[in-house]
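Below you'll find the structure, written out as structure tokens, and then a few comments.
The values are calculated or read from the model by the stated rules, or taken from the named source; none is laboratory data. The structure displayed is predicted, hence computed values, not measured ones. Ideal geometry is used to build each Cβ from the backbone, glycine not excepted, and the neighbour counts take in all protein chains shown. Side chains included, ligands, DNA and RNA excluded: accessible areas come from the protein's heavy atoms. Shrake-Rupley method; radii C 1.70, N 1.55, O 1.52, S 1.80 Å.
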Amino acid sequence: MSNSKPEESVHEENGATEKFSGKTNDEANKSTSFAASTDSSLNEAEKYAYSGSKRKMGKIWLFSLAIVLVVVFSAIFATLTTSNKPNKSNSVSEISNKTVSIGLKLAPTNLDIRNQSGSSLDQLLIGNVYEGLVARNDINQVVPSLAQSWEISKDGLRYTFHMRKGAVFSNGNKLTAHDAEWSFNELIAKKYRGSNMVGQVESAKAKDDYTFEITLKEPNAKLLWALCSRSGLVFDKNAKYDAKTQAVGSGPYLIDKFVPNDRVVLKANPRYKGIHRAQTNKIVIRYFVDDNAAVDALSSGSVQALAPISGQLAKPFKDDSKRYDVSAGNGTDKFVLAMNMKGERTKDKRVRKAIRYAIDHKQIIASRGGTDLALGGPIPSLDPGYEDLTKLYPHDLHRAKALMKEVGFDESHPMDLTLTYPNIYGTQIGDQLRSQLKPIGINLKVNIVEFTTWLQDVYKNKQYDLSMVDHNESHDFGQWADPTYYYGYDNKQVQDLYAKAMLCADPKESDKLLAQAARIISEDAPADWLFNYRVVTAKVKNLEGMSFDMNQEILPLYNLRLS
């Protein structure tokens, strides 16, 4: 679930129009002025040359003119060779033919981004193959994309997007606001992925070829954010292709080859008209289920980067700093230890509070390589409404034991609880939690299951005491305002605050409401937020343009280049 921050003023990328056209307005004016003066000089020179023999000082004039022409042409040559020197970030002639291969973990089963779930599709396709009205950068902020600027009315009901001129789809068809209109209305009518995030829409229509307007029935603070993802993608209604294995978008890359659960080969889009031209002609995305196979691929040079890689497996690459760069990037992953609010034991707030006090977050983070961040509540630092809540439940065994004693349990007479989580997270966290909860009088049985089993037993049937899973989506606070979600958390005050935040046209006020709700949730202790997972990426030194932050949600490929 996603909530965005609407703004009431004009949002525009600095130099967006100029970058798109290839010149700034000042440069264009100077270029036109210089061309006119050059033509005038040449015309004047031709006139004097024609009449020179009739003048008494003709030879002297011709000699002077020759000097002037040398100076003029030298200036022209210097100007042209300087101003027209290819820009490495945008010039097609500078594109590299050295193939870049990236190793990732989560593989898409097909490419149908309108119907198929899974963050791996967003990571692969959004911004690379398909483009949206707006996008988000690696610090989780909304930035221009196909819309170079936009305005939001003061009442938060009308969003007006000004589209880039000259954009085309990879099949050569022109991209206009009419395509945005069709794509958005199809999203709602056919209930494609992301349609649930746009709120109550009154209308969506193209005012002209380059102006697209969305009108809401009520304010929706998450609309702009939603448009950064699948909800805002613009498709070609006239394109004919198999969306499960092919793609027709407007991004800097094309799908050249798709092998399910193995690899995707992308090639530079020769028709691309945007501001993020591909730096490398061919990109290969490989997917590794086996961590050791992934490490071998990086070591052997079969791939030039891995994301993610565990802190332990990354150590040899970090130690070899002459050949590799290793860095942990910021993101919105939240490892949530949910405590069933309707469980026989965990419905007692004293038990939940005791568990939170007993957990030693520093020890857990250190055992994972020390790259993750402490997180005391449901909102990570890159999302709206964040407040540091880690001091609400500091590690305090004395308080934890006292709370458990109130309930009637201690280490000699322990409470039996079961922790259920998917096997993709390994055994270490379960072992640590069992060890940390034992001294306060909890006998924790760790039940590690297949992910499909977790979905059925925990997520769907809500049959669990404690559960642990990584909630990686940004702006997903709405989970805590939904009493039917698997947490079972039902707090009317939180629900009201969330509803007000979503209907608030003022982003600052919306953030305050979310922060207030997050504090209430953390104090209620329906879960413990073990850590804010930071993805570790390892790459070879000569790979330029690799993003470290947010690269499991958005992975811009256009800037990748082997030097």
Inset, instruction - List, in order, the whole-Hz ³J(HN,Hα) value for each residue of the range 294-303 obtained from phi through the Karplus relation with A = 6.51, B = -1.76, C = 1.60 and θ = phi - 60°; use x for Gly and Pro. - result: 5, 4, 4, 5, 5, 4, 7, x, 5, 10
Inset, instruction - Grab the other residues whose beta carbon is less than 13 angstrom from that of Tyr272, score K and R as +1, D and E as -1, and report the net. - result: +4
Inset, instruction - Give the relative contact order (percent, whole number) for the range 398-470; include only Cα pairs under 8 Å separated by 6+ residues. - result: 40 percent
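Between Ser381 and Tyr425, how high is the FRET efficiency from 1/(1 + (r/R0)^6) when r is the Cβ-Cβ distance and R₀ = 30 Å? Nearest 0.05. Before the final figure, lay out the partial values.
On the way: r = 22 Å, r/R0 = 0.74.
Once the sixth-power term is evaluated, E becomes 0.85.
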Inset, instruction - Whole Å is fine, so just give me how far the alpha carbon centre of the range 228-262 lies from that of the range 410-449. - result: 44 Å
Legend entry - Dimensions (Å) - the range 253-321, Cα atoms, principal axes, largest first: 43, 29, 18
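Between Lys174 and Ser203, what is the FRET efficiency for a Förster distance of 30 Å, r being their Cβ-Cβ separation, to the nearest 0.05?
Values: r = 23 Å, r/R0 = 0.78.
In this case the efficiency is close to 0.80.
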Inset, instruction - Grab the eigenvalues of the alpha-carbon gyration tensor for the range 323-366, scale each by 5, take roots, and send me the semi-axes largest first in whole angstrom. - result: 33, 13, 7
Inset, instruction - Please sort by residue number the trypsin sites (Lys or Arg not before Pro) in the range 382-444 whose DSSP state is loop and whose Cβ has at most 16 other Cβ atoms within 10 Å. - result: Lys391
Legend entry - Inter-part distance where the range 323-379 and the range 507-535 are each reduced to a Cα centre, Å: 13 Å
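Assuming 0.36 nm per residue, please report the length gained on full extension of the stretch Asn461 to Ser310 beyond their Cα-Cα distance.
Values: separation 151, 0.36 × 151 = 54.36 nm, distance 3.17 nm.
My answer for the length gained is 51.2 nm.
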Legend entry - Inter-label distance, nm, simple model (7 Å from Cα along the C-beta direction), Asp155/Leu397: 6.1 nm
Legend entry - Extension gain, Ile139 back to Lys492 (0.36 nm per residue minus Cα-Cα distance, nm): 123.9 nm
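Take the cross-link list Lys349/Lys401; Lys217/Lys508; Lys98/Lys174 and give me the ones stretching past 25 Å between alpha-carbons. Could the numbers behind the result be given before it?
Working: Lys349/Lys401 14 Å; Lys217/Lys508 22 Å; Lys98/Lys174 31 Å.
Violating the 25 Å limit, Cα to Cα: Lys98/Lys174.
Over the range 399-496, consider all pairs of different Cα atoms and compute the Kirkwood hydrodynamic radius from their mean reciprocal separation; express it in Å, one decimal.
On the way: mean 1/r = 0.0660 Å⁻¹.
Result for the range 399-496, one decimal place: 15.1 Å.
What full-extension length gain, to one decimal in nm, is calculated for Leu503 and Ser327 as 0.36 nm per residue of separation minus the Cα-Cα distance? The partial results should precede the final answer.
Numbers: separation 176, 0.36 × 176 = 63.36 nm, distance 3.84 nm.
The span from Leu503 to Ser327 would gain 59.5 nm if fully extended.
In square angstrom, what is the accessible area per residue of the range 274-368 with a 1.4 angstrom probe? Could you put the intermediate results ahead of the total?
Values: 4110 Å² over 95 residues.
For the range 274-368, the per-residue accessible area is 43 Å².
Share of the range 467-563's accessible area from carbon and sulfur, percent, 1.4 Å?
Working: 1540 of 3200 Å².
Looking at the range 467-563 in its full context, I get 48 percent from C and S.
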Inset, instruction - May I ask you to derive the FRET efficiency for Thr418 and Asp290 from their Cβ-Cβ distance with R0 = 25 Å, giving the value to the nearest 0.05? - result: 0.30
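Can you tell me how the range 420-563 classifies by the Cα gyration tensor, rounded, prolate or oblate, using a/c under 1.5 as the rounded cut?
oblate
What dipole magnitude, in Debye to the nearest 20, does the range 367-462 give about its Cα centre under +1 on Lys/Arg Cβ and -1 on Asp/Glu Cβ? Walk me through the numbers before you get to the answer.
Working: 10 positive and 12 negative charges, 39 e Å.
Here the size comes out at about 180 debye.
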